[in-house]
1. Viscosity 1.306 mPa s, temperature 10 °C: give me the Stokes-Einstein translational D for region 1-157 in µm²/s, with Rh taken as the Kirkwood radius over C-alpha pairs.
2. In vacuo Debye scattering of region 88-165, one point per C-alpha: log10 I(q)/I(0) at q = 0.20 Å⁻¹?
3. What angle, in degrees between 0 and 90 and rounded to the nearest 10, separates the Cα long axis of helix 354-371 from the longest principal axis of the Cα atoms of the chain?
4. Here are some values of Cα extents along the principal axes in Å: (1) 127, 45, 35; (2) 102, 75, 43; (3) 73, 47, 42. Which one was computed from this structure?
5. Quick one: compute the contact order of the chain, relative version, from alpha carbon pairs under 8 angstrom and 6+ residues apart, as a percent.
6. Please work out the average accessible area per residue across the chain, using the 1.4 Å probe convention, and give it in Å².
7. For region 164-173, what does the Karplus curve 6.51 cos²θ - 1.76 cosθ + 1.60, with θ = phi - 60°, yield as ³J(HN,Hα) per residue in whole Hz, taken in order and with x for Gly and Pro?
8. Could you identify which residue out of 170, 310, 74 has the top mean-square fluctuation in a GNM of the chain using Cα springs shorter than 10 Å?
Amino acid sequence: GMRESIMRVEVIPHTDNGFADYPGLTYRLVTPDNVYIETDPDQPDKPRYYREYRIRVNPMSGKQEWVADVIDLRDLNNPSFGMYAVDKTGHLGQDVSELYMGHPRHVGADYPFRYAAGRPFMPLTVYHAEKTGQMWNFLDNSSQVWGSLTAAVLWSMFTHCVRDNAWAQRYILGASVAGLNAMDVDSNARRAAIATDPSSILVLQADPDTTGQPLVGVFQPPVKPSELLESVAKYEMRVATSAGISPDNITRRNADPRSGYALSIDKAGQREAQRKYAPVFRMGDEELLAKSAALCNRYLGTSLPESGYRVSYQSLELSPDEMKAQLEDITGKLAAGLISPINAIQMLNPDLDYQGSVDLLEKIRRERAQFL
């Protein structure tokens with residue numbers, strides 16, 4: 001339901017405050033409802049002005065109050081970073097950087113977050129569920145969110161049906177039960193009741209105000225729990241299908257009658273979803289790695305490369321049958337000359353680029369020559 005989020009990087013350069021055992025970096029997830037962002041007109045998905053609303057403890061009064069962290073890169077020659085008080089409407093108040101940071105806000109050449117070449121950057125990365133060229137894309141696929149919430153409501157209806165309606169309501173017309181005992185006569189819950197069991201005989205007597213034949217009947221349950229359960233499961237399947245999950249990848253399991261029905265996605269569908277989201281997540285992860293390296297170099301005395309990172313993701317393991325089918329497919333295409341060894345190694349390792357595939361094939365060739 002949250003198609004954008006921000007990962008902010010914080011540096012812990014020392015342990016004087018006693019909150020950390022070792023210097024390093026911390027990563028903090030920031031949700032969109034706590035930020036205000038302005039973007040570059042030429043790059044609408046890149047933040048140039050970042051304002052994050054946070055609750056901080058005032059070091060003077062000890063009270064919690066809203067404070068805005070503001071990073072401004074709209075003028076790259078004069079970047080700034082500071083903290084401001086926030087009024088009830090969310091507007092910025094006075095500069096409180098010195099109160100919370102111990103020094104005035106960083107401006108211009110004093111701006112701390114820079115690459116080795118001197119270019120300023122924001123110590124954060126915006127992650128997107130889909131690359132659209134815009135900063136926010138919260139409406140796309142929102143139908144799946146509403147579908148999930150609706151499914152939760154339907155499950156509550158199923159619980160209500162089982163608890164309150166899954167039994168036949170009996171009734172008596174023109175008769176009453178003889179021998180009732182008065183219960184709770186001193187309270188508003190007073191009632192008449194009689195104890196019954198399989199060995200007792202329930203005596204009914206005709207209602208004196210009724211002239212016809214007394215009637216005993218049963219109202220059937222308005223809906224069968226099994227039918228309602230099946231309907232909810234089908235609705236969930238439609239929601240999953242509309243989310244882009246192939247119906248072939250959805251299986252219905254009912255191993256235990258007590259557990260009801262459940263929808264599960266097989267491993268092939270999960271791997272397909274991984275491949276779908278990997279490119280856009282890789283962009284965010286590689287950007288975050290570069291910024292993390294730059295912060296380590298500046299504050300922790302490291303000499304890490306600040307570019308050139310490549311992220312690969314571990315896919316779900318193949319089942320024995322899937323491994324056999326994949327191997328037969330690849331070897332058959334290799335033998336027919338339809339693919340090259342590079343293509344084959346990339347089919348086995350989807351996250352490898354061309355150079356990575358060449359390096360892996362060279363490593364295999366060397367090790368085979370050495371050990372076989």
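The values are calculated or read from the model by the stated rules, or taken from the named source; none is laboratory data. Predicted model only: the values in this text are computed from it and were never measured. To get the accessible areas, we keep the full protein, side chains included, count just its heavy atoms, and leave off ligands, DNA and RNA. Shrake-Rupley method; radii C 1.70, N 1.55, O 1.52, S 1.80 Å.
1. 88
2. Values, matching the q order: -1.04.
3. Once rounded, the angle reads 80 degrees.
4. Checked against the structure: label (2).
5. Once divided by the residue count of the chain, the mean separation gives 13 percent.
6. Per residue, the chain has an accessible area of 66 Å².
7. With the stated coefficients, region 164-173 comes to 10, 10, 8, 9, 7, 7, 8, 9, 10, 10 Hz.
8. Its mean-square fluctuation being the largest, the pick is 170.
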